[in-house]
Amino acid sequence: MNCIVLGGGGFLGSHLCDSLLAGGHFVRIFEKKGSSKINIKHLINKIDLKEGDFSDLDNVREALSDMDIVFHLIGTTLPQSSNDNPIYDLSSNLVATVQMLDIAKREGIKKIIFASSGGTIYGVPQVLPIPEDHPTLPICSYGIQKLAIEKYLHLYHCLYAIDYAVLRISNPYGARQSVESNQGAISIFIERALREQPIEIWGDGSIVRDFIHVSDVARAFVKSINNCTDYRLFNIGSGVGHTLRDIISEIEKEMGHQLKVTFTYARKIDVPANVLAIERASQALDWSPDVPFSMGISQMIRDRKLLS
């Protein structure tokens, strides 16, 4: 298949490109002009790189030309910052995506696979683990625009028969995750621990999250290419919840000493718990996570030590 990964130079996108290439697919990456290529430097001679503005119709049209599958991983905002400027959040993500869908219709794209947010779409959960048919009441603009994109994918499927899949991803972690964006608790905690800096936790550390290794997420994306079931929405997580204190304990166990931790005010965008039910993905995609929580953290610490 000819595959384009929108946002393929990022943390998750670069791992997806690795998996697609390993599966024998042709891979094109679309990235913002001038963006860092550090995550894909090992792939530069194996992929077709297009640079441009996701909001520019000509740039997107050129990028989608001759492609079969579109993996949409572009996002311009983060959950914690999206409420600060919801107009920008919507214009740069939702509007730009609908423009892309219109181009995809004209270019004859066979399938669009979208990286949604299992961590924000559902809002405060009524049950745990959270199934795909749980009510969707996001409490941040980021989750609202992700949900709106899901609805537009369904609309374009109904109107123009463009196939699609939505992966509602929990909290991915692993190699190449940037610590500069202040997103990704495991990555940030490990980085600060290795630098012998205090780790700041919002709230009392009791919030529960579903952490999934990036390699497992990449496999789920590739598996979704050939999904022939009636299901198009999939939770992609570990199905197991861990607190922020659990992360600290695992890092301390691996490093052999106690970490300095400080606590600050809880954030309004943080739901108390989020753990995803993954039975649908297991059955329909023949997928399940391979990397256990403790193994993933140990691997990250070893990788970061090698880099430093």
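Bear in mind that the values in this text are calculations on the coordinates, not laboratory data. Bear in mind the structure is a predicted one, so any value in this text is a computation, not a measurement. Don't worry about glycine lacking a Cβ; one is built from the backbone with ideal geometry, like all the others, and counts go over all protein chains shown.
Working from label points 7 Å from Cα in the Cα-to-Cβ sense, the residue 148 to residue 25 distance is 2.7 nm.
Considering all C-alpha pairs of region 200-308, those separated by over 23 Å amount to 42%.
Would you kindly state how much longer the chain becomes between residue 65 and residue 78 on full extension, computed as 0.36 nm times their sequence separation minus their alpha carbon distance, in nm to one decimal? All intermediate terms of the calculation are to be shown ahead of the outcome.
Values: separation 13, 0.36 × 13 = 4.68 nm, distance 2.92 nm.
Stretched out fully, the residue 65 to residue 78 stretch lengthens by 1.8 nm.
Would you indicate which of (i) 0.97; (ii) 1.27; (iii) 1.07 is the value of Cα Rg over 2.2 N^0.38 Å derived from the coordinates of this structure? Only one option fits the structure, namely (i). I want to verify a result. In a Gaussian network model of the chain, Cα cutoff 10 Å, which of these has the top mean-square fluctuation: 231, 164, 142? Largest GNM mean-square fluctuation: 231. For region 9-26, the residues whose backbone nitrogen is under 18 Å from a point 7 Å from the Cα of residue 290, taken along Cα to Cβ, are 12-25. Taken along its principal axes, the alpha carbon cloud of region 17-76 reaches lengths of 31, 26, 19 Å, longest axis first.
Measuring r between the beta carbons of residue 1 and residue 266 and using R0 = 30 Å, the FRET efficiency lands at 0.10.
Just checking the listed ones, 39, 59, 93: in the Gaussian network model of the chain with Cα springs under 10 Å, the one fluctuating most is 59.
Sequence-distant contacts, meaning Cα pairs under 8 Å at least 6 residues apart, place the relative contact order of region 1-93 at 33 percent. Specify the angular offset, from 0 to 90 degrees and rounded to the nearest 10, of the alpha carbon long axis of helix 96-107 from the longest principal axis of the alpha carbons in the chain. Here the helix axis deviates by roughly 40 degrees.
Please find, in a Gaussian network model of the chain (springs between Cα atoms separated by less than 10 Å), the residue of 260, 105, 50 whose mean-square fluctuation is greatest. Fluctuation is largest for 260.
Charge tally for residue 56 (other residues, Cβ to Cβ under 15 Å; Lys, Arg +1; Asp, Glu -1): -2.
FRET efficiency for residue 298 and residue 197, Cβ-Cβ distance as r, R0 = 22 Å, nearest 0.05?
Details: r = 20 Å, r/R0 = 0.93.
Efficiency at R0 = 22 Å is approximately 0.60.
Compute the signed sum of charges (Lys and Arg +1, Asp and Glu -1) over the other residues within less than 10 Å, Cβ to Cβ, of residue 290. The partial results should precede the final answer.
Values: positive: 219; negative: 216.
Surrounding charge for residue 290 is 0.
Full extension of the chain between residue 37 and residue 307 yields a length gain of 95.5 nm, computed as 0.36 nm times the residue separation minus the alpha carbon distance. Relative contact order, whole percent, for the chain stands at 18, derived from Cα pairs under 8 Å and 6 or more residues apart.
Order by neighbour count: 120, 243, 264, fewest other Cβ atoms within 10 Å first, most last. Please report the intermediate quantities before stating the final value.
On the way: 120 24, 243 16, 264 9.
Lowest to highest Cβ neighbour count: 264, 243, 120.
Can you give the FRET efficiency to the nearest 0.05 for residue 181 and residue 137, using r as the Cβ-Cβ distance and R₀ = 22 Å? Don't skip to the answer; put the middle values down first.
Details: r = 25 Å, r/R0 = 1.15.
In this case the efficiency is close to 0.30.
For residue 146, a cut-off of 25 angstrom between C-alpha atoms picks up these lysines, skipping any fewer than 8 places away in its own chain: 32, 33, 50, 105, 110, 111, 223, 268. Once the Kirkwood radius over Cα pairs is known for region 71-122, the Stokes-Einstein relation at 37 °C and 0.692 mPa s delivers a diffusion coefficient of 267 µm²/s. Which number do you get for Rg(Cα) / (2.2 N^0.38 Å) in region 94-226? Compared with the compact-globule rule of thumb, region 94-226 sits at 1.23.
Please tell me the relative contact order of region 204-308 in percent, rounded to the nearest whole number, where contacts are Cα pairs under 8 Å and at least six residues apart. Could you put the intermediate results ahead of the total?
Working: 116 pairs, mean separation 45.8, N = 105.
Relative contact order, region 204-308: 44 percent.
List the GluC sites (Glu not before Pro) within region 123-188 that DSSP assigns to loop and that have no more than 16 neighbouring Cβ atoms inside 10 Å.
Numbers: sites: 132, 150, 180; in loops: 132, 180.
Within region 123-188, the qualifying GluC sites (Glu not before Pro) (loop, at most 16 other Cβ atoms within 10 Å) are 180.
The shape of region 4-114 can be summarised by an equivalent ellipsoid whose semi-axes, obtained from the alpha carbon gyration tensor, come to 22, 18, 12 Å from longest to shortest. Against the chain, whose longest principal axis is taken from its Cα atoms, helix 244-255 shows a tilt of about 70°.
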